[in-house]
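Contents: one structure, followed by commentary.
The values are calculated or read from the model by the stated rules, or taken from the named source; none is laboratory data. These numbers come from a predicted model, not from an experiment. Methodologically, a virtual Cβ is constructed for each residue, glycine included, from the backbone with ideal geometry; neighbour enumeration extends over all protein chains shown. Ligands, DNA and RNA are stripped out before the accessible areas are found, and what is left, the full protein with its side chains, is counted by its heavy atoms. Shrake-Rupley method; radii C 1.70, N 1.55, O 1.52, S 1.80 Å.
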Amino acid sequence: MTLYNPPHPGEFIQEMYLDPMGLTARQLALKLAVAPSTVTRLINGEAGISAEMAVRLSKALGSRPEFWYQMQFNYSMWHAKRSVNLDEVEAVEIPPGAEEVA
């Protein structure tokens, strides 16, 4: 099921963790062992969650790394489906008997 305009993971972190817990981006950065600017870019929606960040968030905030990575995937895919121009993209003809992937 595709979400309608899923939130950026940084927005989710801000609303579900930082605000309720009274934490700053700098304090979270210390817990994650990353630069404060890294967390600030994430919170502001200027950066996404990498696999490495997903693992760090998992340890610092709970949840599985896959949760954080999937949240980023859902956000990125929703926006890509609405912004990528496919007018010049063509389907590859797959010969009979060849296996399709997906």
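Of note:
- Helix 51-61 axis, angle to the chain major axis (alpha carbon atoms, nearest 10°): 40 degrees
- At R0 = 25 Å, FRET efficiency that the Cβ-Cβ distance of Ser50 and Val92 yields, to 0.05: 0.25
- Packing, as the average of other Cβ atoms within 10 Å across residues, places the peptides 4-13, 17-26 in the order 4-13, 17-26, highest first.
- Å² of accessible area per residue within the chain, as computed with a 1.4 Å probe and no ligands counted: 75 Å²
- Note on segment 49-99 and segment 1-47: Cα centroid distance 19 Å, given to the nearest whole angstrom.
- Counting only DSSP H runs of at least 4 residues, each contributing -39500 (n - 2.57), and dividing by the residue count of the chain, the helix-based mean residue ellipticity at 222 nm comes to -15000 deg cm²/dmol.
- The packing ranking, built from the mean of other Cβ atoms within 10 Å per residue, places the peptides 81-88, 38-45 in the order 38-45, 81-88, highest first.
- Mean Cβ neighbour count within 10 Å, used as a protection proxy, ranking 48-56, 29-37 highest first: 48-56, 29-37
- Surface share of carbon and sulfur [accessible, 1.4 angstrom probe, percent] for the chain: 55 percent
- Reported label for calculated Kirkwood radius over Cα pairs in Å given (i) 16.8; (ii) 15.6; (iii) 15.0: (ii)
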